[in-house]
1. I'd like the chymotrypsin sites (Phe, Trp or Tyr not before Pro) in the stretch 323-380 restricted to DSSP loop residues with at most 16 other Cβ atoms within 10 Å, sorted by number.
2. If I take every Cα pair under 8 Å that is 6 or more residues apart in the stretch 93-162, average their sequence separation and divide by the length, what percent do I get for the relative contact order?
3. When the solvent-accessible surface of protein heavy atoms is calculated with a 1.4 angstrom probe, in what order do Met78, Met197 fall, highest first?
4. Using a 1.4 angstrom probe, figure out how much accessible area the stretch 209-334 has per residue, in square angstrom, rounded to the nearest whole.
5. Mean separation of Cα pairs under 8 Å and 6+ residues apart, divided by the residue count of the stretch 207-252: what relative contact order is that in percent?
6. Can you put Val350, Val90 in order of accessible area, largest first, using a 1.4 Å probe?
7. Which residues does a label at Lys270 reach in the stretch 215-253, if reach means a backbone N under 14 Å from a point 7 Å past the Cα toward the Cβ?
8. Among all the lysines, which ones have a C-alpha under 19 Å from Lys249's C-alpha, if same-chain residues fewer than 8 places away are not counted?
Amino acid sequence: MEAPTSEPAGNANGTGNTQNLTVPVMQKNTNGSVPAPTSTISNGISADEIALYDRQIRLWGLKAQESIRNANILLITMKALANEIAKNLVLAGINSLTLCDHSPVLPSDVTSQFFLPSDRSPVGTNRAIAASTNIQRLNPRVSINIDTLDIRLKPPSYFSAFDIIIATDLDAPTLNLINTATRLNNRIFYAAGSHGMYGFLFSDLIEHDFIISRSISNVPTVVGPESPTRSIISSSPDPNDPKVENVTKRELFSTWLLASSSPLPAEILKSPRRKKVVTPILSCLRGLWEFESQFGIRPNPNDKAQLAQFTILCGEQHKALGLPAETLRSETLRAFLQNIGGEVSPVAAVLGGQLAQDVINVLGRTQQPIQNFVVFDGERSEAGVYALHPTEGELGRGLLPISGGQQQQQQQQQQQQMGSEEVIDLD
């Protein structure tokens, strides 16, 4: 078999500071052309793609694979967690993945990121550029683009080019800034962070409809609310199986700013037993986000003043959540503080795999999505899911009712806050 050749990779969205890279592409015929698909399925997926993605098509269906194939995803900050997310999404066969990171590779990155080159030292190279070649090798059909401009300098319009935005390992104010921009552009937003043995996932799908196929029950399906965030929109018999019905459900979501400060669900707060099993890592994470918002830095475990302030903030967050004081122990605080900013490969693999799977489920629209926080505790090997929303007011699109001139005004205001960028076409 002829060895794969290389060609420069272009930029699908044509924005941001990007680089032309030499990356592997599909095997070529002897005349230099890329082999054409032998046939095309009605939905646009070629026969060779059917063969390539056969296992996953059998799992989630051809229609879901078509949605995955058309997805353009932005992945921010290329550290260990983002490496895992990129691996799973590229292998799934998305259309394009844009890697946005303005930071250089540090010596500590070399031991935790498997996409960095092994034939030379990548230290000092931009993280997105350093990882891109090996990411491309996973699946030459996926367009890999690079943006080396600080995400905080992007105008809100930048995010409109993507279907899904995934922000990893960023501070709380930056996550809030990005989520505001994704809401203005009606785009799906995920946030994730890894801190040694601990981590979290967050999703803001705004409003998401999905279809569940299930056996028809003796009790008819009733259209209406199922939970504070989920409603049944419609129900109809499956045309291929009279014993099955297809139920369309809708989930409503909150923004990062509201969800990261909202109370626990009422069903947990009403049960003393359930409150005791809520992981104290949620309080620690909220204490960290509050510390970042107030002081603009992460707490230094060697600074006694910062340690004392962080402890106070965690205690306040724990109390605000209505959790028993005895579940937030000093050893838990100490362990979390020592893990802040750390990267543990198995933890990154668990978090990255779960986030990527939820992205695939959301694109396929046949599975219940994450609603809306996952808190991972590696010490206990637990990943609790918490639906964190305000107790009053609307969710979904009603949470941010912006239209017309009002939207344009807010976009202009946010652009002034975030700065402006020069648009560069790579092609």
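The values are calculated or read from the model by the stated rules, or taken from the named source; none is laboratory data. Computed from a prediction, not measured in an experiment: that's the story for all the values here. All Cβ positions, even for glycine, are placed from backbone atoms using ideal geometry, and neighbour counts span all protein chains on display. For accessibility, only protein heavy atoms count, side chains too; no ligands or nucleic acids. Shrake-Rupley method; radii C 1.70, N 1.55, O 1.52, S 1.80 Å.
1. On the way: sites: Phe336, Phe373, Phe376; in loops: none.
Here no chymotrypsin sites (Phe, Trp or Tyr not before Pro) fit, given the DSSP loop and packing criteria.
2. Numbers: 93 pairs, mean separation 30.7, N = 70.
Once normalised by length, the contact order is 44 percent.
3. Values: Met78 0, Met197 55 Å².
The residues order as Met197, Met78, largest area first.
4. Numbers: 7020 Å² over 126 residues.
Spelled out: the 1.4 Å probe surface of the stretch 209-334, per residue, equals 56 Å².
5. Details: 83 pairs, mean separation 22.6, N = 46.
Averaging sequence separation for qualifying contacts and normalising by length gives 49 percent for the stretch 207-252.
6. Values: Val350 65, Val90 0 Å².
Highest to lowest solvent-accessible surface, that is Val350, Val90.
7. 227-228
8. Filter leaves Lys63.
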